[in-house]
Amino acid sequence: MKEKIHNAFLNTRTNGTKAFAVLIDPDKVVDDAYCLRIINMSIENKIDFFFVGGSLITGDNFSQIVRLIKQECHIPVVLFPGSNMYIEPTADAILFLSLISGRNPDLLIGQHVVAAPVLKRSNLEVLSTGYILVNAGNQTTVSYMSNTTPIPYDKSSVAACTAIAGEMLGLKLIYLDAGSGAEQPISSRMISMVRKSVDVPLIVGGGIDNRHKAARVLEAGADVIVVGNGIEKNPELLIEVAELTESYNQKLRV
Ligand code: 1GP
(Lines give C-alpha, C1' and ligand atoms only; values in the text may rest on other atoms or scores of the structure.)
Protein backbone atom coordinates (compact mmCIF):
# COMPACT_ATOMS: atom_id res chain seq x y z
CA MET A 1 0.00 0.00 0.00
CA LYS A 2 1.43 3.38 -1.01
CA GLU A 3 1.72 5.77 1.93
CA LYS A 4 4.13 8.49 0.76
CA ILE A 5 1.65 11.33 0.41
CA HIS A 6 -0.34 10.24 3.42
CA ASN A 7 2.87 10.32 5.44
CA ALA A 8 3.56 13.85 4.23
CA PHE A 9 0.14 14.87 5.61
CA LEU A 10 0.70 12.90 8.81
CA ASN A 11 4.05 14.60 9.42
CA THR A 12 2.30 17.93 9.84
CA ARG A 13 0.21 16.58 12.65
CA THR A 14 2.98 14.58 14.26
CA ASN A 15 5.57 17.37 14.12
CA GLY A 16 3.21 20.30 14.59
CA THR A 17 4.28 21.79 11.25
CA LYS A 18 2.05 23.50 8.71
CA ALA A 19 1.68 22.66 5.04
CA PHE A 20 0.42 24.75 2.15
CA ALA A 21 -1.60 23.38 -0.77
CA VAL A 22 -2.22 25.49 -3.87
CA LEU A 23 -5.55 24.62 -5.47
CA ILE A 24 -5.69 24.76 -9.23
CA ASP A 25 -9.21 24.74 -10.59
CA PRO A 26 -8.90 23.72 -14.27
CA ASP A 27 -11.79 25.98 -15.24
CA LYS A 28 -9.88 29.00 -13.95
CA VAL A 29 -6.70 28.25 -15.88
CA VAL A 30 -6.80 30.55 -18.86
CA ASP A 31 -3.76 29.05 -20.61
CA ASP A 32 -0.53 27.12 -20.10
CA ALA A 33 1.40 30.34 -19.49
CA TYR A 34 -0.74 31.14 -16.43
CA CYS A 35 -0.37 27.59 -15.19
CA LEU A 36 3.42 27.69 -15.68
CA ARG A 37 3.60 30.96 -13.77
CA ILE A 38 1.80 29.39 -10.78
CA ILE A 39 3.97 26.25 -11.03
CA ASN A 40 7.18 28.30 -11.06
CA MET A 41 6.07 30.44 -8.14
CA SER A 42 5.15 27.24 -6.28
CA ILE A 43 8.59 25.74 -6.90
CA GLU A 44 10.39 28.93 -5.82
CA ASN A 45 8.31 29.22 -2.68
CA LYS A 46 8.46 25.53 -1.82
CA ILE A 47 4.77 24.82 -1.46
CA ASP A 48 3.88 21.36 -0.18
CA PHE A 49 1.09 20.14 -2.47
CA PHE A 50 -0.90 20.97 -5.54
CA PHE A 51 -4.57 20.15 -5.30
CA VAL A 52 -6.18 19.95 -8.75
CA GLY A 53 -9.92 19.89 -9.17
CA GLY A 54 -13.22 21.65 -8.71
CA SER A 55 -16.83 20.80 -8.04
CA LEU A 56 -17.86 21.68 -11.59
CA ILE A 57 -15.34 21.42 -14.39
CA THR A 58 -16.65 22.48 -17.77
CA GLY A 59 -13.42 22.49 -19.79
CA ASP A 60 -11.31 19.57 -21.02
CA ASN A 61 -7.90 20.61 -19.67
CA PHE A 62 -7.99 18.68 -16.35
CA SER A 63 -5.56 15.93 -17.41
CA GLN A 64 -3.37 18.36 -19.29
CA ILE A 65 -2.85 20.49 -16.17
CA VAL A 66 -1.91 17.50 -14.02
CA ARG A 67 0.58 16.36 -16.68
CA LEU A 68 2.06 19.83 -17.01
CA ILE A 69 2.70 20.05 -13.27
CA LYS A 70 4.24 16.56 -13.22
CA GLN A 71 6.47 17.48 -16.14
CA GLU A 72 7.71 20.68 -14.48
CA CYS A 73 8.30 19.72 -10.86
CA HIS A 74 8.29 17.13 -8.09
CA ILE A 75 5.67 18.80 -5.89
CA PRO A 76 3.02 16.14 -5.17
CA VAL A 77 -0.18 16.48 -7.18
CA VAL A 78 -3.29 15.51 -5.25
CA LEU A 79 -6.57 15.23 -7.13
CA PHE A 80 -9.47 17.04 -5.48
CA PRO A 81 -12.32 15.65 -7.56
CA GLY A 82 -15.82 16.99 -7.81
CA SER A 83 -16.96 13.59 -9.04
CA ASN A 84 -15.67 10.19 -10.15
CA MET A 85 -15.25 11.59 -13.66
CA TYR A 86 -12.07 13.34 -12.62
CA ILE A 87 -9.46 10.66 -12.16
CA GLU A 88 -6.10 11.36 -13.79
CA PRO A 89 -3.67 8.46 -13.28
CA THR A 90 -0.51 10.55 -13.67
CA ALA A 91 -1.22 12.42 -10.44
CA ASP A 92 0.33 11.20 -7.17
CA ALA A 93 -2.76 10.84 -5.00
CA ILE A 94 -6.46 11.44 -4.81
CA LEU A 95 -8.58 12.79 -1.99
CA PHE A 96 -11.21 10.04 -1.84
CA LEU A 97 -13.85 12.36 -0.46
CA SER A 98 -16.78 11.25 1.59
CA LEU A 99 -19.05 14.25 2.11
CA ILE A 100 -19.78 13.50 5.75
CA SER A 101 -21.47 16.84 6.48
CA GLY A 102 -24.17 15.89 3.97
CA ARG A 103 -26.76 13.16 3.69
CA ASN A 104 -26.44 12.51 -0.01
CA PRO A 105 -25.68 8.76 -0.31
CA ASP A 106 -24.10 9.22 -3.73
CA LEU A 107 -21.38 11.42 -2.20
CA LEU A 108 -21.03 9.27 0.93
CA ILE A 109 -20.50 5.94 -0.86
CA GLY A 110 -22.17 5.82 -4.30
CA GLN A 111 -19.53 7.51 -6.48
CA HIS A 112 -16.83 5.66 -4.53
CA VAL A 113 -18.15 2.28 -5.66
CA VAL A 114 -17.92 3.39 -9.28
CA ALA A 115 -14.45 4.88 -8.86
CA ALA A 116 -12.99 2.06 -6.72
CA PRO A 117 -12.03 -0.42 -9.50
CA VAL A 118 -10.50 2.36 -11.59
CA LEU A 119 -8.47 3.57 -8.60
CA LYS A 120 -7.45 0.03 -7.71
CA ARG A 121 -5.91 -0.40 -11.16
CA SER A 122 -4.14 2.96 -11.00
CA ASN A 123 -0.98 3.90 -9.16
CA LEU A 124 -2.73 6.70 -7.35
CA GLU A 125 -2.41 6.83 -3.60
CA VAL A 126 -5.95 6.89 -2.27
CA LEU A 127 -6.46 9.19 0.71
CA SER A 128 -9.80 8.57 2.37
CA THR A 129 -10.99 11.98 3.47
CA GLY A 130 -13.91 13.14 5.57
CA TYR A 131 -15.10 16.20 3.68
CA ILE A 132 -17.04 18.68 5.79
CA LEU A 133 -18.74 21.62 4.12
CA VAL A 134 -19.52 24.70 6.18
CA ASN A 135 -21.84 27.55 5.29
CA ALA A 136 -19.74 30.70 5.37
CA GLY A 137 -22.34 33.13 4.05
CA ASN A 138 -22.85 32.66 0.33
CA GLN A 139 -23.95 29.48 -1.42
CA THR A 140 -20.86 28.07 -3.09
CA THR A 141 -20.71 25.89 -6.21
CA VAL A 142 -19.86 22.85 -4.11
CA SER A 143 -22.85 23.22 -1.77
CA TYR A 144 -25.20 23.65 -4.76
CA MET A 145 -23.68 20.83 -6.81
CA SER A 146 -23.58 18.39 -3.90
CA ASN A 147 -27.24 18.94 -3.10
CA THR A 148 -26.44 18.92 0.62
CA THR A 149 -26.87 21.35 3.47
CA PRO A 150 -23.54 22.62 4.76
CA ILE A 151 -23.00 22.81 8.52
CA PRO A 152 -24.07 26.25 9.84
CA TYR A 153 -21.17 28.65 10.42
CA ASP A 154 -21.63 28.84 14.18
CA LYS A 155 -22.29 25.14 14.86
CA SER A 156 -18.75 24.20 15.81
CA SER A 157 -19.82 21.26 17.92
CA VAL A 158 -21.71 19.72 14.97
CA ALA A 159 -18.54 20.01 12.88
CA ALA A 160 -16.49 18.48 15.70
CA CYS A 161 -18.87 15.53 16.16
CA THR A 162 -18.92 15.00 12.38
CA ALA A 163 -15.12 14.93 12.30
CA ILE A 164 -14.96 12.49 15.23
CA ALA A 165 -17.40 10.17 13.45
CA GLY A 166 -15.32 10.39 10.28
CA GLU A 167 -12.17 9.48 12.18
CA MET A 168 -13.98 6.59 13.89
CA LEU A 169 -15.05 5.34 10.46
CA GLY A 170 -11.39 5.14 9.53
CA LEU A 171 -11.03 8.22 7.35
CA LYS A 172 -7.40 9.35 7.24
CA LEU A 173 -7.87 13.09 6.77
CA ILE A 174 -10.48 15.67 7.64
CA TYR A 175 -11.08 18.54 5.20
CA LEU A 176 -13.07 21.49 6.55
CA ASP A 177 -14.16 23.55 3.56
CA ALA A 178 -16.14 26.77 3.31
CA GLY A 179 -16.20 26.21 -0.49
CA SER A 180 -14.25 27.99 -3.18
CA GLY A 181 -14.77 31.73 -3.13
CA ALA A 182 -16.56 31.66 0.23
CA GLU A 183 -17.24 35.10 1.72
CA GLN A 184 -15.11 34.25 4.73
CA PRO A 185 -13.00 31.34 5.94
CA ILE A 186 -14.28 28.92 8.55
CA SER A 187 -14.30 30.43 12.05
CA SER A 188 -11.31 30.04 14.34
CA ARG A 189 -13.58 28.51 16.95
CA MET A 190 -14.76 25.75 14.61
CA ILE A 191 -11.24 25.02 13.32
CA SER A 192 -9.86 24.85 16.82
CA MET A 193 -12.68 22.64 18.12
CA VAL A 194 -12.37 20.19 15.22
CA ARG A 195 -8.57 20.12 15.57
CA LYS A 196 -8.86 19.23 19.28
CA SER A 197 -11.46 16.55 18.56
CA VAL A 198 -9.48 14.36 16.16
CA ASP A 199 -5.93 13.08 15.74
CA VAL A 200 -5.89 12.90 11.94
CA PRO A 201 -4.46 15.82 9.93
CA LEU A 202 -6.85 18.72 9.43
CA ILE A 203 -7.05 20.44 6.03
CA VAL A 204 -8.83 23.81 5.92
CA GLY A 205 -9.85 25.77 2.83
CA GLY A 206 -12.37 28.13 1.32
CA GLY A 207 -12.40 31.93 1.34
CA ILE A 208 -8.78 32.42 2.39
CA ASP A 209 -8.03 35.36 0.14
CA ASN A 210 -5.48 37.38 2.08
CA ARG A 211 -2.52 36.94 4.39
CA HIS A 212 -4.48 37.96 7.47
CA LYS A 213 -7.14 35.28 6.93
CA ALA A 214 -4.45 32.69 6.22
CA ALA A 215 -2.70 33.56 9.49
CA ARG A 216 -5.97 33.24 11.41
CA VAL A 217 -6.70 29.81 9.91
CA LEU A 218 -3.19 28.53 10.69
CA GLU A 219 -3.28 30.00 14.19
CA ALA A 220 -6.64 28.30 14.87
CA GLY A 221 -5.11 24.90 14.14
CA ALA A 222 -5.20 24.00 10.44
CA ASP A 223 -2.42 21.54 9.65
CA VAL A 224 -2.80 22.09 5.91
CA ILE A 225 -4.11 25.29 4.40
CA VAL A 226 -5.64 25.34 0.89
CA VAL A 227 -5.81 28.48 -1.23
CA GLY A 228 -7.27 28.65 -4.73
CA ASN A 229 -9.52 31.57 -5.58
CA GLY A 230 -7.36 34.13 -3.74
CA ILE A 231 -4.32 33.15 -5.83
CA GLU A 232 -6.35 33.33 -9.05
CA LYS A 233 -7.20 36.95 -8.16
CA ASN A 234 -3.76 37.84 -6.84
CA PRO A 235 -0.94 35.38 -7.58
CA GLU A 236 1.35 37.21 -5.12
CA LEU A 237 -0.80 35.73 -2.34
CA LEU A 238 0.96 32.42 -3.04
CA ILE A 239 4.26 33.99 -1.90
CA GLU A 240 2.67 35.52 1.20
CA VAL A 241 1.02 32.28 2.36
CA ALA A 242 4.18 30.27 1.64
CA GLU A 243 6.20 32.74 3.76
CA LEU A 244 3.64 32.58 6.53
CA THR A 245 3.64 28.77 6.57
CA GLU A 246 7.42 28.71 6.52
CA SER A 247 7.63 31.19 9.41
CA TYR A 248 5.53 28.79 11.55
CA ASN A 249 7.77 25.90 10.64
CA GLN A 250 10.95 27.90 11.27
CA LYS A 251 9.85 28.71 14.81
CA LEU A 252 9.66 24.96 15.48
CA ARG A 253 13.19 24.43 14.22
CA VAL A 254 14.85 26.97 16.59
C1 1GP B 1 -12.21 25.04 -2.15
O2 1GP B 1 -10.91 24.77 -0.17
C3 1GP B 1 -10.88 25.13 -1.49
O4 1GP B 1 -12.76 23.79 -2.11
C5 1GP B 1 -10.23 26.47 -1.71
O6 1GP B 1 -11.12 27.54 -1.64
O7 1GP B 1 -10.81 28.73 -3.81
O8 1GP B 1 -11.80 29.91 -1.82
O9 1GP B 1 -9.38 29.33 -1.87
P10 1GP B 1 -10.76 28.93 -2.32
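Filtering the range 78-115 to residues that are open to solvent by 20 Å² or more (accessible area, probe 1.4 Å), of a type in the set (Gly, Ala, Ser) and within 13 Å of the chain's Cα centre (by Cα) leaves only 82. Against the numbered list (1) touching a residue at least 12 places away in the same chain (Cβ under 8 Å); (2) more than 16 Å from the ligand (Cβ to nearest atom); (3) under 20 Å from residue 81 (Cα atoms), residue 60 comes up short only at (1).
Of all residues in the range 116-126, those satisfying the criterion of being hydrophobic (A, V, I, L, M, F, W, C) and either within 17 Å of the chain's Cα centre (by Cα) or open to solvent by less than 50 Å² (accessible area, probe 1.4 Å) (or both) are 116, 119, 124, 126.
For the range 163-182, a residue qualifies if it is at pLDDT below 95 and open to solvent by 50 Å² or more (accessible area, probe 1.4 Å), and exactly one does: 180. Pairing residues of the range 179-203 that are more than 18 Å from residue 20 (Cβ to Cβ) and away from the ligand (no atom under 13 Å from the Cβ) with residues that are part of a loop (DSSP other than H, G, I, E, B) and among the small types (Gly, Ala, Ser), at Cβ distances under 8 Å and at least 6 apart in sequence or on separate chains, gives 192/221; 194/221; 196/221. Filtered by the rule that a residue be farther than 21 Å from residue 119 by Cβ and touching a strand residue (DSSP E or B) at 6+ places or on another chain (Cβ under 9 Å), the range 1-22 gives 11, 12, 13, 18, 19, 20, 22.
Residues considered: 165, 220. Of these, the only one that is more than 9 Å from the ligand (Cβ to nearest atom), closer than 20 Å to residue 12 by Cα and in contact (Cβ under 8 Å) with a residue 12 or more places away in the chain is 220. Look at the range 127-162 and say how many of its residues are open to solvent by less than 20 Å² (accessible area, probe 1.4 Å) and free of Cβ contacts under 8 Å to residues at least 40 places away in the same chain. Residues in the range 127-162 being open to solvent by less than 20 Å² (accessible area, probe 1.4 Å) and free of Cβ contacts under 8 Å to residues at least 40 places away in the same chain: 3 in total. Of the set (1) within 13 Å of the ligand (Cβ to nearest atom); (2) in contact with a helix residue (DSSP H, G or I) (Cβ under 7 Å, 6 or more places away or on another chain); (3) not hydrophobic (A, V, I, L, M, F, W, C), all apply to residue 233 but (2).
The values are calculated or read from the model by the stated rules, or taken from the named source; none is laboratory data. Source: prediction; values computed, not measured. With ideal geometry, Cβ positions are generated from the backbone for all residues, glycine too; neighbour counts draw on all protein chains shown. Note: accessible area is taken over every heavy atom of the protein model, side chains too, but ligands, DNA and RNA are not part of it. Shrake-Rupley method; radii C 1.70, N 1.55, O 1.52, S 1.80 Å.
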